[in-house]
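The values are calculated or read from the model by the stated rules, or taken from the named source; none is laboratory data. All values derive from a computational prediction rather than experimental measurement. Glycine gets a Cβ as well: all are built from the backbone with ideal geometry, and neighbour counts include every protein chain shown.
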Amino acid sequence: MNLSLKTYSNQNAIRLSLLGTVLMVVCIASLGLGAYSIPLDNTIAILLNSLGVSVDNFEASQANVLLQIRLPRILLNLLIGGGLGIAGAALQGMFRNPLVEPGLIGVSSGSALFAIIFIVFVSGGTSAGFLNNLGLPLFAFIGGLIHVAAVFKLSTNRGTSDTATLILAGIAINAFAGALIGLVLFFADDSALRSFTFWSLGDMSGATWQKLPFALILIGLPTFLILQKTKELNALSLGEQEAFHMGVPVNQVKIQLLVCAALIVGVGVSMVGVIGFVGLVVPHLVRLIFSADHRIVLPGSFFLGAILLNAADLIARLIVIPAEMPIGVITALCGAPFFIWLIFNLKKSSS
Amino acid sequence: MLAAKNLHYCIQKRPIVDEVSLEVNPGEILSILGPNGAGKSTLFKILSGEIPCKRGFVSYNHTGLGELKVHDLAKIRAVLPQHSQVNFPFSAKEVISLGLHQVKVSKHEQILQEVMEITRVMQFSDKLYQHLSGGEKQRVQLARVLCQIWERQPYPRYLLLDEPTSSLDLAQQHAVLKILKQLTQRNIGVVIILHELNLAAQYSDRIALLKDGTLQKWGNVKEIMDEELLERVFEHPVQLIPYPCAAGCIVASGLQNQAYQNLNQA
């Protein structure tokens, strides 16, 4: 049997490079495919060319579509999908509850509410500018943070969170946020309403190079911070008291994780709308395929989240060419049955 | 020395732990016994630093609990709670190695090997923790806690266990207590909550009897092995039968007077 700990970290490196390879393949596939399809050799030529190797067997229009429309979109997918994956993994680990998901426990709706308030009342519908690029994500982050803190407070009793109360608290908070969103939309005009409908199901079409630096910093930084907490999350999966006994400053770690997860989700929601189930499904898949050790679950969830969101986006772009399906429809269509399966399984394992 | 002075803990003005003072020296085993609801677990949590007490003072090696940082405290005491639930599919070995949280990576492999050997968890170390039996889970948790304080250190340390033998068979119960006895040679003091009087009498250096939150008696085994005292604490007839073991006798549930006389006549 004996898997020494050193080979264990080697094994993790292999697992992650495997996921990385899959991610590369998915990214290159989605660079080429779409309403305007670009053959693989041209795709690679364009990429090489933009990296400074001069190859010229492609047309300028191909390069335009690829570099100005698809590439930023894929990179944004990568950051947001990965971010949602790792945020979900961190929240599940922290709540010690495999049913936790940013959407279910109200982070997404909190972010959505604040994002809509910002769009309707502050920025007045304009979609460009520094104010929007930075202000909107941060505002959404505050909303998400308030909600997740409220749910956490409501569902935690003496350090343990009970699944039923957690889900109920999430429902209550989501309902409240939904009502407030409705109230805000009452003041919005028709075009804002229409864009809200798309946005509420996830809309990737707004991805531009201007958004990317903000996404990179506001998602990359908290992701990096969460990755530093693997040992603490492992200890926490035994229970908060046990983690405390083992020397983990539990409250401090929990606050850091909550803030990081809320920041990632808030930024994601503000940029592309509400995308459900990625944060739920991805950590589970990583646990199923590899192991429950957070040293693999956290980075693995980032990679797998990036893979799944890119794949979902590819499907969303392909199935109704030349139109586009909202990506949230795809993730929910795959994620909701998975969620049901999960509840069945939990019921079985607890009885 | 792990010392507790005048501990007091109330829930809604009802005292759960009332004016309890205790001391545990490194190298000795202190068993806490008492009827259900005596406040054993609450006392245990106060000692481990899990819940702060309203009045009183707990110190480890002459440093108050309040002055110890979480990770410093974890270096001088390990705790095995009564129940630990693991909600994610960890293997037994992964759960055990969680105990190495504060230990240098270079030592991990050796400590894991030694601890898994002594707790005899090798044969199921690759199984999922959730699929283990109650007794196996308990041994895995014990192994995890042992990992935390296994490495020899120049300063005295403590191990606190809340009913570590509750789902173990006879052989395993004694195996666990023997491990604890060995541990005391590493300058470690052990505090253990037990229900089985004979087990406590056989392995403890001192016993504390707790009832209704107050310490009824605290002393070496011979002092505790007193029929009248035990009957009063457990509200059950008790008979001590002379037996060649450390305590000099074993504890049996006494027969009711009438039945006892009938037996004598027969």
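If a residue must be free of Cβ contacts under 8 Å to residues at least 60 places away in the same chain, buried (at least 17 other Cβ atoms within 10 Å of the Cβ) and assigned to a helix (DSSP H, G or I), how many such residues does segment B:109-129 contain?
Summing the residues that are free of Cβ contacts under 8 Å to residues at least 60 places away in the same chain, buried (at least 17 other Cβ atoms within 10 Å of the Cβ) and assigned to a helix (DSSP H, G or I) in segment B:109-129 gives 6.
Which members of segment A:232-270 meet the condition of being closer than 21 Å to B:V145 by Cα and surrounded by fewer than 19 Cβ atoms within 10 Å (Cβ to Cβ)?
A:P249
Of A:S291, A:S270, which residue is among the polar types (S, T, N, Q) and away from chain B (no Cβ under 14 Å)?
From the options A:S291, A:S270, the qualifying one is A:S270.
Based on what the data block shows, is A:I217 assigned to a helix (DSSP H, G or I) and farther than 23 Å from A:L99 by Cβ?
yes
Residue-wise test of (1) touching a Leu at 6+ places or on another chain (Cβ under 6 Å); (2) under 21 Å from B:K107 (Cα atoms); (3) crowded, with 19+ Cβ neighbours inside 10 Å.
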residue	(1), (2), (3)
B:Q153	no, yes, no
B:Y158	yes, yes, yes
B:D162	no, no, yes
B:S166	no, no, no
B:A175	no, no, no
B:N187	no, yes, no
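Return the pair list, or none, for Cβ contacts closer than 7 Å from residues in segment B:39-50 that are closer than 12 Å to B:A78 by Cα to residues that are of a type in the set (S, T, Y) and crowded, with 23+ Cβ neighbours inside 10 Å, at least 6 apart or on different chains.
none
Looking at segment A:258-266, can you tell me whether even one residue there is within 11 Å of chain B (Cβ to nearest Cβ), modelled with pLDDT of 90 or more and in contact with a helix residue (DSSP H, G or I) (Cβ under 8 Å, 6 or more places away or on another chain)?
no
Can you tell me which residues in segment A:242-285 are farther than 29 Å from B:V70 by Cβ and of a type in the set (A, V, I, L, M, F, W, C)?
Those that are farther than 29 Å from B:V70 by Cβ and of a type in the set (A, V, I, L, M, F, W, C): A:V267, A:V269, A:M271, A:V272, A:V274, A:I275, A:F277, A:V278, A:L280, A:V281, A:V282, A:L285.
What is the number of the single condition among (1) modelled with pLDDT of 80 or more; (2) buried (at least 24 other Cβ atoms within 10 Å of the Cβ); (3) more than 14 Å from chain B (Cβ to nearest Cβ) that A:F118 does not meet?
Only one criterion is unmet by A:F118, namely (2).
Of the residues A:L308, A:L298, A:L304, A:L346, only one is within 13 Å of another protein chain (Cβ to nearest Cβ), modelled with pLDDT of 90 or more, in a helix (DSSP H, G or I) and under 20 Å from A:L91 (Cα atoms); which? Steps first, please.
Values: A:L308 fails: within 13 Å of another protein chain (Cβ to nearest Cβ); A:L304 fails: within 13 Å of another protein chain (Cβ to nearest Cβ); A:L346 fails: modelled with pLDDT of 90 or more.
One residue alone meets the criteria, A:L298.
So for segment B:52-64 (the condition being in contact (Cβ under 8 Å) with a residue 12 or more places away in the chain, within 11 Å of chain A (Cβ to nearest Cβ) and buried (at least 22 other Cβ atoms within 10 Å of the Cβ)), does at least one residue qualify?
For segment B:52-64, residues in contact (Cβ under 8 Å) with a residue 12 or more places away in the chain, within 11 Å of chain A (Cβ to nearest Cβ) and buried (at least 22 other Cβ atoms within 10 Å of the Cβ): absent.
Is there any pair with a first residue in segment A:251-263 that is under 17 Å from A:H294 (Cβ atoms) and in a helix (DSSP H, G or I) and a second that is aromatic (F, W, Y) and at pLDDT below 90 whose Cβ atoms are under 7 Å apart and which are 6 or more apart or on different chains, and what are they?
A:L258/A:F152
Hey, among A:V286, A:V281, which residue is touching a residue at least 40 places away in the same chain (Cβ under 8 Å), within 14 Å of another protein chain (Cβ to nearest Cβ), outside any loop (DSSP other than H, G, I, E, B) and closer than 19 Å to A:V100 by Cα?
It is A:V286.
B:R144 fails exactly one of the following numbered conditions: (1) away from chain A (no Cβ under 11 Å); (2) crowded, with 23+ Cβ neighbours inside 10 Å. What is the number of that condition?
Going through (1) away from chain A (no Cβ under 11 Å); (2) crowded, with 23+ Cβ neighbours inside 10 Å one by one, B:R144 breaks only (1).
For segment A:220-250, which residues satisfy the criterion of being more than 10 Å from chain B (Cβ to nearest Cβ), in a helix (DSSP H, G or I) and of a type outside the set (A, V, I, L, M, F, W, C)?
A:G220, A:P222, A:T223, A:T230
Taking the condition surrounded by 12 or more Cβ atoms within 10 Å (Cβ to Cβ), among the aromatic types (F, W, Y), at pLDDT 80 or above and out of contact with any strand residue (DSSP E or B) (no Cβ under 8 Å at 6 or more places or on another chain), does A:F187 pass? Step through it out loud before you land on a result.
Working: surrounded by 12 or more Cβ atoms within 10 Å (Cβ to Cβ): no; among the aromatic types (F, W, Y): yes; at pLDDT 80 or above: yes; out of contact with any strand residue (DSSP E or B) (no Cβ under 8 Å at 6 or more places or on another chain): yes.
For A:F187, the condition - surrounded by 12 or more Cβ atoms within 10 Å (Cβ to Cβ), among the aromatic types (F, W, Y), at pLDDT 80 or above and out of contact with any strand residue (DSSP E or B) (no Cβ under 8 Å at 6 or more places or on another chain) - is not met.
Looking at the structure I just gave you, is B:K75 surrounded by fewer than 23 Cβ atoms within 10 Å (Cβ to Cβ), within 14 Å of chain A (Cβ to nearest Cβ), in contact (Cβ under 8 Å) with a residue 40 or more places away in the chain and of a type in the set (D, E, K, R)? Walk me through it before giving the result.
On the way: surrounded by fewer than 23 Cβ atoms within 10 Å (Cβ to Cβ): yes; within 14 Å of chain A (Cβ to nearest Cβ): yes; in contact (Cβ under 8 Å) with a residue 40 or more places away in the chain: yes; of a type in the set (D, E, K, R): yes.
It is true that B:K75 is surrounded by fewer than 23 Cβ atoms within 10 Å (Cβ to Cβ), within 14 Å of chain A (Cβ to nearest Cβ), in contact (Cβ under 8 Å) with a residue 40 or more places away in the chain and of a type in the set (D, E, K, R).
Any idea how many residues of segment B:131-141 are facing chain A (nearest Cβ under 10 Å) and surrounded by 15 or more Cβ atoms within 10 Å (Cβ to Cβ)? Step through it out loud before you land on a result.
Residues of segment B:131-141 that are facing chain A (nearest Cβ under 10 Å), as a first pass: B:131, B:141.
With surrounded by 15 or more Cβ atoms within 10 Å (Cβ to Cβ) added as a condition, the list becomes B:141.
Matching residues across segment B:131-141 total 1.
Quick one: which of A:I44, A:I80, A:I28, A:I86 is in contact (Cβ under 8 Å) with a residue 40 or more places away in the chain, out of contact with any Phe, Trp or Tyr (no Cβ under 9 Å at 6 or more places or on another chain), among the β-branched types (V, I, T) and surrounded by 12 or more Cβ atoms within 10 Å (Cβ to Cβ)?
Within the list A:I44, A:I80, A:I28, A:I86, the selection yields A:I80.
Count, please, the residues in segment A:171-188 that happen to be farther than 18 Å from A:A140 by Cα and either without any contact (Cβ under 8 Å) to a residue 60 or more places away in the chain or assigned to a helix (DSSP H, G or I) (or both).
Adding up the residues that qualify gives 3.
Among the numbered criteria (1) within 30 Å of A:F198 (Cα to Cα); (2) at pLDDT 85 or above; (3) aliphatic (A, V, I, L, M), which one does A:L16 miss?
(1)
Yes or no, residue by residue, for (1) more than 14 Å from every other protein chain (Cβ to nearest Cβ); (2) at negative phi:
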position: B:E23; (1), (2): yes, yes
position: B:G27; (1), (2): yes, no
position: B:E50; (1), (2): no, yes
position: B:E67; (1), (2): yes, yes
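Quick one: which residue in B:L98, B:L30 is within 17 Å of the chain's Cα centre (by Cα) and within 24 Å of B:P156 (Cα to Cα)? I'd like the intermediate steps shown before the answer.
Numbers: B:L98 fails: within 17 Å of the chain's Cα centre (by Cα).
Just a single option satisfies the conditions, and that option is B:L30.
Quick check on A:L67: is it surrounded by fewer than 17 Cβ atoms within 10 Å (Cβ to Cβ) and in a helix (DSSP H, G or I)? Steps first, please.
Values: surrounded by fewer than 17 Cβ atoms within 10 Å (Cβ to Cβ): yes; in a helix (DSSP H, G or I): yes.
The answer is yes for A:L67.
Evaluate segment A:216-225: report whether one residue or more is on the phi < 0 side of the Ramachandran plot and over 20 Å from the mean Cα position of the chain (by Cα). Explain how you work it out, then say what you get.
The initial filter retains those residues of segment A:216-225 that are on the phi < 0 side of the Ramachandran plot, namely A:216-225.
When the remaining residues are screened for being over 20 Å from the mean Cα position of the chain (by Cα), the result is none.
There is no residue in segment A:216-225 that is on the phi < 0 side of the Ramachandran plot and over 20 Å from the mean Cα position of the chain (by Cα).
Out of (1) closer than 28 Å to A:A235 by Cβ; (2) modelled with pLDDT of 90 or more, what's the single condition that is false for B:Q85?
Of everything listed in (1) closer than 28 Å to A:A235 by Cβ; (2) modelled with pLDDT of 90 or more, B:Q85 misses just condition (2).
So how many residues does segment B:92-121 have that are more than 20 Å from B:R77 (Cα to Cα), in contact with a helix residue (DSSP H, G or I) (Cβ under 8 Å, 6 or more places away or on another chain), more than 7 Å from every other protein chain (Cβ to nearest Cβ) and not hydrophobic (A, V, I, L, M, F, W, C)?
Total meeting the criteria: 2.
Quick test for you: out of A:S9, A:S30, pick the one residue that is part of a helix (DSSP H, G or I) and within 14 Å of chain B (Cβ to nearest Cβ).
Of the residues listed, the single one that is part of a helix (DSSP H, G or I) and within 14 Å of chain B (Cβ to nearest Cβ) is A:S9.
With the checklist (1) out of contact with any Lys or Arg (no Cβ under 6 Å at 6 or more places or on another chain); (2) under 30 Å from B:H83 (Cβ atoms) in hand, flag the one item A:T230 doesn't pass.
(1)
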